[in-house]
Amino acid sequence: MTGIRQDAWTKEEDELLASVVLQYIREGNTQLEAFAEVGRRLSRTAAACGFRWNSCVRKQYKEDIELAKQERKRRKKEVAAIKESGGRAKVEAEGKQHLSWPDVLAFLQAEEQKAREARRAADENRALKNDMEQLQQMVTKLQMEKEALEKQLAAVQEEYKTLLAIMERARQMVADHEKPAPNEADGAGES
């Protein structure tokens, strides 16, 4: 009988993995960061997500990956152009300051990116705190188990010493019993 592995990936999990990785590629972030985020969402390790992406899912999304890379390049060019112009608002002849649409868009995109990074950092912080609490609980549990085992070991060692003492007494009794009595040895020679 074959069963489904408890750690098997569902279609929905594969789709979430693909969606997040493609989003990270478009935004110019690393796939490792995407794997970490998906891992937090699915309660899996980032390594498991990376392995799944590279071994199965990536092959199904080749065209989407290329489109995401092109989008990333386009965004980088826009940001570079805005930085080149200083990101400043253009001043019209009458002295009033007007923002161009690309400037506004770049500003909003930068703010959106900052907000995403802040949310990601907060999520990672929560995940790390949870991991730390679980590890602390595990350490406490293991310390209790260690103390119990040390008590058991001490009891076994004490029983072992007692057993050795009993065996030594028994050996001594057998040795004493096998020795001929002094009178018996003398009496056997006189007859």
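The values are calculated or read from the model by the stated rules, or taken from the named source; none is laboratory data. Everything quoted here is computed from the prediction, not taken from an experiment. No Cβ is skipped: glycine too gets one built from the backbone with ideal geometry, and neighbour counts run over all protein chains shown. All accessible areas refer to the heavy atoms of the entire protein, side chains included, with ligands and DNA or RNA removed. Shrake-Rupley method; radii C 1.70, N 1.55, O 1.52, S 1.80 Å.
The modelled label-to-label distance for the pair V79/E12, using points 7 Å beyond Cα in the direction of Cβ, is 3.3 nm. With the simple spin-label model, which puts each label point 7 Å out from Cα in the Cβ direction, the R120 to L142 separation comes to 3.2 nm. In this simple spin-label model, placing a label point 7 Å from the Cα along the Cα-to-Cβ direction at both L67 and R169 gives a separation of 8.8 nm. Over 25 Å apart at the Cα level, from the set K83/K114; K62/K129; K59/K129, are K62/K129; K59/K129. With the highest mean first, a sort of the peptides 30-37, 68-75, 110-117 on other beta-carbon atoms found within 10 angstrom per residue produces 30-37, 68-75, 110-117. Net length available on complete extension from E159 to D131 is 5.9 nm, with 0.36 nm assigned per residue and the Cα-Cα distance removed.
Applied to region 29-40, the Karplus parametrisation 6.51 cos²θ - 1.76 cosθ + 1.60 on θ = phi - 60° returns per-residue 3J(HN,Hα) values of 8, 8, 5, 4, 5, 5, 4, 5, 5, 4, x, 5 Hz, with x for Gly and Pro. For region 1-84, with all protein chains in place and a probe radius of 1.4 Å, 52% of the accessible heavy-atom surface sits on carbon or sulfur.
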